[in-house]
Amino acid sequence: MAASALGKEFLMEMYPVDNSTQQVEELGNLQFKCQYQAGLNFYDLQPLAIYQRSYNFSVGGNMTMYLSFCNDLPELLWCSAEDPTMAVLRDSGTGRCVRLSGADPTTDSAFSVLDETINDGLRITYYGGEPGFSFALNIPCNHSTPFNLLPFVFDYNYTTNQTTMVGAFESQFGCQYDQLSQIWNFFAQNQWALFALLVISGGLLTFAGRSMLKPTLFIVGVFTTAFIVLYIFYTTFLSQATEQWKFYVTAGVAIFGGLIVGYFLAKFAKVGAFLLAGWGGFTIGIILYNAVFYKVSSSIYMFWGVSVGSGLILGILTIFLYDHILIQSTAIFGSFIAVYGIGLVAGHYPNPFTLGTMIKNGQFTDIDPMYYAYMGGNILLWIIGCIV
């Protein structure tokens, strides 16, 4: 079932509405307007939006702040009929009203992790307000709060040309409900080093993989082992706050294990060839998933089914069509990692390993058109690699 359909089904179970198509559709749309990504974390503010259209907080004297989540405020709370907004500050004594944001949560606000040390909490920075005013809302994670919000804390700072305001309240909705693996943080922080590594090794595999079979199998062994070890450690043991030395120890173990595996794959070429062909098929599956199959299903099972299934098919075909499949596999695998390396620094290349999670959490709808340019480059390199 598509992610949007699952979301609407969930909302029908969680919140009492009638079965009219319009109400279900509105709740489904609200769900995906309320899911936000900050860093590697995902947050869901839809219960706040459904529970109450607007929230008001006394911030001292005659001043009251009005906030909404995922939508703009009701029109009667706007400072003027022409200026919809998600946040305003009103002074009942003077009648002064200050617009603190625009109306669109996707373009007039930015989301970041509030507390990097525990990798949780949400900070919303608002844009599109009146000149001279800025506003941010901090929501520390507190699992013990249902819909009631703990006391609102308000602070402000005046300078000559700017008034900076920060509000805060604790809530369970400031707690992440899902996150991506920390390994992708490592990729982002080391993108230029990985760019050089992937482009160089990818070029060698594409154009000289079959003629230099044993070095190729050695590289594949190191690559496979290092990736698996790092992925397991990052998804199970290592967190965002992990000390740097632990990463270096993990990387050292991964590379040392890869050297051993690479040696044995080069020594036992038939086994190495099967693994190499498997990687070639795996990358074909990734390309197909990014281009087509993500629309069929965003499930992680679809991703692994397409990619691993393609890998097994090419691995088995190696038994019968050894040389032909090896040429194809080294060319497609090499071209893929070279193009992926370029995508790390150039952008607009969707990460196939996180695509399903991004769709599930409302952060992705359609593939970036630039991806098809990458795919065209991938296919072109593959063809050239097979010819030479």
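The values are calculated or read from the model by the stated rules, or taken from the named source; none is laboratory data. Quantities reported herein were computed from a predicted structural model and do not represent experimental measurements. Here the Cβ positions follow ideal geometry from the backbone for every residue, glycine too, while neighbour counts run over all protein chains shown.
Structure notes:
- Within region 300-321, residues that are in the same structural domain as A277 (by TED's automatic domain parsing) sit with their Cβ atoms under 7 Å from residues that are of a type in the set (V, I, T) and surrounded by fewer than 15 Cβ atoms within 10 Å (Cβ to Cβ), at 6+ positions apart or across chains, in these pairs: M302/V296.
- Residues that are at pLDDT below 80 and surrounded by 17 or more Cβ atoms within 10 Å (Cβ to Cβ), drawn from region 188-212: G209, R210
- Residue match in region 111-121 (condition: assigned to a strand (DSSP E or B), hydroxyl-bearing (S, T, Y) and buried (at least 20 other Cβ atoms within 10 Å of the Cβ)): no
- Counting the residues of region 298-314 that are over 19 Å from the mean Cα position of the chain (by Cα) and either of a type in the set (S, T, N, Q) or crowded, with 22+ Cβ neighbours inside 10 Å (or both) gives 5.
- Residue count for region 315-336 under the criterion of being surrounded by fewer than 21 Cβ atoms within 10 Å (Cβ to Cβ), out of contact with any Lys or Arg (no Cβ under 7 Å at 6 or more places or on another chain) and assigned to a helix (DSSP H, G or I): the result is 7.
- Selection status of L77, over 33 Å from the mean Cα position of the chain (by Cα) and at pLDDT 90 or above: yes
- Set A251, A273, A266, A277: member being within 26 Å of the chain's Cα centre (by Cα) and part of a helix (DSSP H, G or I): A251
- Filtered by the rule that a residue be among the small types (G, A, S) and in contact with a Cys (Cβ under 7 Å, 6 or more places away or on another chain), region 301-353 gives a lone residue, A331.
- Check on K295, under 22 Å from the mean Cα position of the chain (by Cα), assigned by TED's automatic domain parsing to the domain that holds L197 and in a helix (DSSP H, G or I): yes
Residues checked against (1) within 17 Å of L381 (Cβ to Cβ); (2) assigned by TED's automatic domain parsing to the domain that holds F264; (3) over 19 Å from the mean Cα position of the chain (by Cα); (4) part of a helix (DSSP H, G or I):
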site	(1), (2), (3), (4)
W192	no, yes, yes, yes
G203	yes, yes, yes, yes
T206	yes, yes, yes, yes
R210	yes, yes, yes, no
F218	no, yes, yes, yes
V222	no, yes, yes, yes
T225	no, yes, yes, yes
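- From the options A87, A110, residue that is under 19 Å from Q162 (Cα atoms), touching a strand residue (DSSP E or B) at 6+ places or on another chain (Cβ under 9 Å) and among the hydrophobic types (A, V, I, L, M, F, W, C): A87
- The condition of being closer than 30 Å to P47 by Cβ, modelled with pLDDT of 85 or more and surrounded by 18 or more Cβ atoms within 10 Å (Cβ to Cβ) holds for only one of Q172, Q176, that being Q176.
- Residue, farthest from D108 (Cα to Cα), within region 50-74, restricted to residues that are at pLDDT below 85 and outside any loop (DSSP other than H, G, I, E, B): Y51
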